[in-house]
Amino acid sequence: MHEYNLVEDLLGRVAEIARERGATSVHSVHVRLGELSGVEPTLFRMAYETFRERTLCANAELIIEPAAAIWHCPICNRIFNAGEILRCCNIPARLTSGDDLILQRVELDIP
Ligand SMILES: [Zn+2]
């Protein structure tokens, strides 16, 4: 499942950050989840609960912050409002952000 791979990647990156800073465990993990990322938040959380056991994240809370998609016109750079027709300067709008999963913040327990 897509979400399981993403969680494995995420836990790997968090572990790397924790090691670099000499943390003994992770307190919380904050991610931004774009609405067009194709990631189902419920599945993502389930995958996290499964994989975090016996990692530095075993007791870390997962905080998922949803991020709306943002579109812009590649010609005039206008940013579209929600619900607008995604077309400007006679061409289709381009996605600025909202199709990705971003690790935003990690709170570490550093002795
Ligand atoms: Zn335009």
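For this structure, a couple of remarks:
- Of all residues in the stretch 61-101, those that are touching a Leu at 6+ places or on another chain (Cβ under 8 Å) and under 30 Å from Arg21 (Cα atoms) total 7.
- Of all residues in the stretch 91-111, those being assigned to a loop (DSSP other than H, G, I, E, B) and within 16 Å of the ligand (Cβ to nearest atom) number 1.
- For the stretch 2-21, the count of residues that are modelled with pLDDT of 95 or more, in contact with a strand residue (DSSP E or B) (Cβ under 9 Å, 6 or more places away or on another chain), surrounded by fewer than 17 Cβ atoms within 10 Å (Cβ to Cβ) and hydrophobic (A, V, I, L, M, F, W, C) is nonzero.
- Count of the stretch 60-73 residues which are within 16 Å of the ligand (Cβ to nearest atom) and either outside any strand (DSSP E or B) or among the basic types (Lys, Arg) (or both): 1
- Qualifying position, being in contact (Cβ under 8 Å) with a residue 12 or more places away in the chain, assigned to a loop (DSSP other than H, G, I, E, B) and under 17 Å from Arg13 (Cβ atoms), among Cys76, Cys57: Cys57
- Subset tally (residues that are surrounded by fewer than 16 Cβ atoms within 10 Å (Cβ to Cβ) and under 23 Å from Ser97 (Cβ atoms)) for the stretch 37-57: 6
- When the criteria are applied in full, Cys88 fails the requirement of being touching a residue at least 12 places away in the same chain (Cβ under 8 Å), surrounded by fewer than 12 Cβ atoms within 10 Å (Cβ to Cβ) and within 16 Å of the ligand (Cβ to nearest atom).
- Residue count for the stretch 1-30, restricted to those that are more than 12 Å from Val106 (Cβ to Cβ) and either of a type in the set (Lys, Arg) or free of Cβ contacts under 8 Å to residues at least 24 places away in the same chain (or both): 3.
The values are calculated or read from the model by the stated rules, or taken from the named source; none is laboratory data. Just so it is clear, the structure is predicted and the values come from calculations on it, not from any experiment. Note: ideal-geometry Cβ built from the backbone for every residue, glycine included; neighbour counts use all protein chains shown.
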